[in-house]
Amino acid sequence: MPFGASSSWLCSLDASSIMASQTGPAPLADLSTAIASACRMPCDFPALGEALIPDDRVVIVLNHRVPCREVIVKELWQILAERGIAPAQLTIIDAPSLSKPSTDPRSLLPAGIASEVQWQIHQPADPNGSGYLGSSLGGERIYLSRALLDADFIIPVATVEADPVHGLCGAIHAIFPALTNLESLQRLNKASHEELHAEDERPIRQLAEEVAGMLGLQFSIELVPAAGGTGVAQVLAGQPDAVHRLGRQAIREHWLLNVDRRSETVVAAVTGQAGEPCTWEDVSRAAQNARRLVINGGRVVLLTDLSAELTEGWELVRDCTQPRDAIRRVKTVQPVDEISIDQMLRTADFATVYLLGGPEGDILEELFLHPLASLKEVDRLLEGTTDCILLGGAQYVRGKARQAQTHVEE
């Protein structure tokens, strides 16, 4: 089972002890060709180049979880250039990442082109960075990045995956609420809905769809995630509703794991994106996904290559005495990674969580996590295990146990 940037664990468990496993689809070997093909033969929409005119001001929006962003931008630029779009008419907008610095998506463009293409990392706290789009049917005042309001054509790019706030989300969520102002972000990005499944309707998702309509969004790109390699199994492009229907179908096909009952042990291997190390966001998502498949009081084993660095939000946890105390403190202070921390703490309150990677052992114990120093320790921990579920690319798995069990709540 691969994990992290390039590590792997060889499972030595007896096959009879493995109740279920999920590894997801294989990654694309040639992402460039897949992007080009999807944009030239999109779903329910003309070829991307045919939808543009040379004077268009084009904005590419990148969700912070998009892998191989440089490759995607390079292929999109090829299409724009063929249509006569000048480099100065292209703007790339990044939503700020909570887990790692944003990398320049222009790095594969020729130097003379890259210097003219604008790249912005959205700053929700900047009062001049957002403008008023209009009011929703429910009276919500909608503010978005000014670059979006000035654009003639917008191309949002995002992975399609389960999000703790939005549910099963895609490209439109790379626009809203990701690119709104700080006040709206703080109001809308509340704690995750534990009682809802990923595909259940949520007001915030309905609002995002309404905002896309108000903006006149015509085209989107969604990436079906893969564990390892390029991090992408399939590229979908075209009319946003059609693309998202196909994306949801692909997630159900490749990443949904249904089991009859919960297991005593879940081993969750967390892969990095396109050869990069794991982030706390990915590991916390994996922990939440494992929690849906493990019994109360069972074991969750997280295989990662996390760095030792802790965010300010995680530092809030270290002197708390119980996970529930830490959950309340984080909810009160509301650090930027509140949701990610909440996911991990709720898992630690529900089961015993073991972590390979991350800070030193004493620090991990202050976070209510049990340290594993090596893969040999993982093997020793699992000796004698007779009831286990294995998750590869665990941050993407959507697990459902048919035999219900009440979650431990705050």
Practice problem: Hey, can you tell me all the residues within the stretch 51-71 that are closer than 27 Å to H166 by Cβ and in a loop (DSSP other than H, G, I, E, B)? | Solution: N63, H64, R65, V66, P67, C68
Quiz item: Among (1) surrounded by 15 or more Cβ atoms within 10 Å (Cβ to Cβ); (2) closer than 30 Å to V267 by Cα, which single condition is I85 missing?
Solution: (2)
Quiz item: Among the residues of the stretch 98-121, is any within 16 Å of L185 (Cβ to Cβ) and not charged (D, E, K, R)?
Solution: yes
Self-check item: Pick from the stretch 72-114, criterion part of a loop (DSSP other than H, G, I, E, B) and free of Cβ contacts under 8 Å to residues at least 12 places away in the same chain, ranking: farthest from S284 (Cα to Cα)
Solution: P110
Quiz prompt | Identity of the residue in the stretch 22-36, small (G, A, S) and within 19 Å of the chain's Cα centre (by Cα), that ends up surrounded by the most Cβ atoms within 10 Å (Cβ to Cβ) | solution = G24
Quiz item: Tally time: how many residues in the stretch 237-263 are farther than 28 Å from I72 by Cβ, among the charged types (D, E, K, R) and either free of Cβ contacts under 8 Å to residues at least 60 places away in the same chain or crowded, with 17+ Cβ neighbours inside 10 Å (or both)?
Solution: 1
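Coordinate-derived values only; no laboratory data. These numbers come from a predicted model, not from an experiment. Reconstructed Cβ throughout: ideal geometry from the backbone, glycine too, with neighbour counts over all protein chains shown.
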